[in-house]
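Heads up, the thing below is written out as C-alpha cells.
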Amino acid sequence: MQTKGITKEKFAGLSRALSAAGRRVVAPVRKNGLVLFKSLEGNDEICLEEINPRLSIKEFFFPGTEPLLTYSWSEGNTTVSNARPESQKTVILGCRGCDASSLPAMDALFNWEYRDDFYMKRRENTTVISIACNRCDECCFCTSVGGGPHNTGGSDIMLSATGDGGYLAEIITEKGAALADELSSHFTKDADKPLPYADVQVKFDLEKVRPELQEHFESPLWDEFSYKCLACGCCTYVCPNCHCFDIQDEHTRTGGTRIRVWDGCQFPLFTKHTSGHNPRPTQGSRWRQRIQHKFNYYVEKFDRVSCVGCGRCIRHCPVNMNISEHLARIANGDL
C-alpha cells in the first residue's frame with residue numbers, strides 16, 4: 001500500500017481536476033439544509049462537516065429507479081430494446097469508510113448466480129476516494145460489525161485528515177494507483193501524521209448474534225421490537241446494503257418501459273401473494289426478516305453481514321427504532 005500526501009489547497013482543486021479529466025464527480029453537497037451525494041455541477045461545494053449524508057452512495061451503483069428495457073407495438077409487431085448499462089467514468093469523493101465498505105457485500109450479491117451488468121458496469125467505472133472518520137455520534141456502530149472509522153474495505157484511495165488541514169492518502173487498489181498517477185501533481189510524497197480516528201463504541205458482540213437468531217425464530221420479542229414501527233421503509237432506503245427491488249412495467253397502448261425500482265421488506269405488501277395470503281402478516285415478522293437477513297441469511301450465503309454500522313437507519317427513523325439496541329439484546333440472550 002502506497003501513502004502520499006495532499007495539501008488543503010490541492011484537495012480543494014481535486015474535484016475540478018477530475019471533472020476536467022472527463023469524470024463525473026459525486027460528493028456530499030449541502031442544499032436546502034440537507035446533505036446528499038450528488039454529481040457536482042458548477043459552483044457546488046463539497047460538504048464534509050456531516051458525519052454522514054442522509055443517503056448512501058448506493059444509488060450511484062444501484063439507482064432507486066432504472067429502465068431495463070423499452071417495448072412498443074403497432075400493427076401486430078412488437079419491438080423490444082434493451083437498456084444499456086451506464087459507462088460513464090465516475091469518482092466518488094468524500095464518502096465515509098462505512099459507505100465504501102458496503103460495496104464488497106453488494107458485489108457478492110450482484111454476482112451471485114447471475115452477473116448484474118447494470119450494477120457491475122457502474123462498479124467497474126467508479127473509483128472510490130473515501131475519508132476516514134475523526135468524529136462519530138451515538139448512532140454509529142461500525143466497530144460492532146467488523147468495521148471501523150479507518151476501514152479501507154471497498155475504497156480505492158482512503159484519505160485521513162492531518163493537523164495541517166490536508167490529508168494522508170492511502171493508495172489501496174490498482175484503480176486507486178492509476179488515478180493517483182494521473183493526478184500526480186495533486187499529491188506529495190509525504191504527509192503529516194493523521195489526526196486521531198473516531199472512538200466508536202462497540203455496542204454488541206457480533207459473534208453471539210447469529211446463534212441466537214438461528215435458535216429463536218419464533219421469539220415474542222420480535223413483536224416488542226417492532227411495536228412502534230410505521231412500516232415507512234426509511235431504514236431500507238437509507239441503508240447502504242439493502243438491495244431489494246421490484247420490476248414493473250409502465251406502459252400505454254403503444255408501448256412502455258420495464259423498470260427496476262427499490263423495494264423494502266418493511267412494507268406490508270412486500271410479500272403479499274396474489275391470492276391475498278401474506279407469509280409475513282405482522283410488522284414483527286417483517287422486522288424479524290430484516291434482522292435475520294442481515295445477520296443470519298446473508299452470512300450463510302456470503303460469509304459476511306449485510307450491515308456496515310453507518311447508523312443511518314437509527315439517525316433517520318421517524319419513531320427512533322434502534323437496531324443496535326435490538327442486536328445488543330439479542331447478543332445478550334434476551335430472545
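Pairs K10/K193; K8/K193; K58/K121; K38/K294: which are spaced more than 22 Å apart, C-alpha to C-alpha? Violating the 22 Å limit, Cα to Cα: K38/K294. Using a/c under 1.5 as the rounded threshold, could you call region 140-219 rounded, prolate or oblate? The axes a ≥ b ≥ c are square roots of the C-alpha gyration tensor eigenvalues, and prolate needs a/b larger than b/c, oblate otherwise. Taking the square roots of the gyration eigenvalues as a ≥ b ≥ c, region 140-219 is oblate.
Among the GluC sites (Glu not before Pro) within region 1-91, those in coil by DSSP and having at most 15 neighbouring Cβ atoms inside 10 Å are E41, E45, E49, E50, E75. Around the Cα centre of the chain, unit charges on the Cβ atoms of Lys, Arg, Asp and Glu (plus for the first two, minus for the last two) sum to a dipole of about 460 debye.
Less than 15 Å Cβ to Cβ from E66, Lys/Arg counted +1 and Asp/Glu -1: what total charge do the surrounding residues give? Intermediate results must be reported in sequence, preceding the final value.
Working: positive: K58, R84, K121, R122, R123, R258, R260; negative: E59, E86, D116, D117, D246, D249, E250, D263.
Net local charge, E66 excluded: -1.
Using a ≥ b ≥ c from the Cα gyration tensor of the chain (square roots of the eigenvalues), is it rounded, prolate or oblate, where a/c under 1.5 gives rounded and otherwise the larger of a/b and b/c decides, a/b for prolate? Walk me through the numbers on the way to the answer.
Values: a/c = 2.09, a/b = 1.17, b/c = 1.78.
In terms of gyration-tensor shape, oblate.
Based on C-alpha pairs under 8 angstrom that are at least 6 apart in sequence, region 2-331 has a relative contact order of 22 percent.
The order of the peptides 173-184, 295-306 by mean Cβ neighbours within 10 Å, most packed first, is 295-306, 173-184. For the pair region 256-313 and region 108-147, the centres of their Cα atoms are 19 angstrom apart.
Here, each number is a calculation from the coordinates, and none is a lab measurement. What you see is a predicted model; the values in this text were computed from it and never measured. Note that each Cβ is placed from the backbone with ideal geometry, even for glycine, and that neighbours are counted across all protein chains shown.
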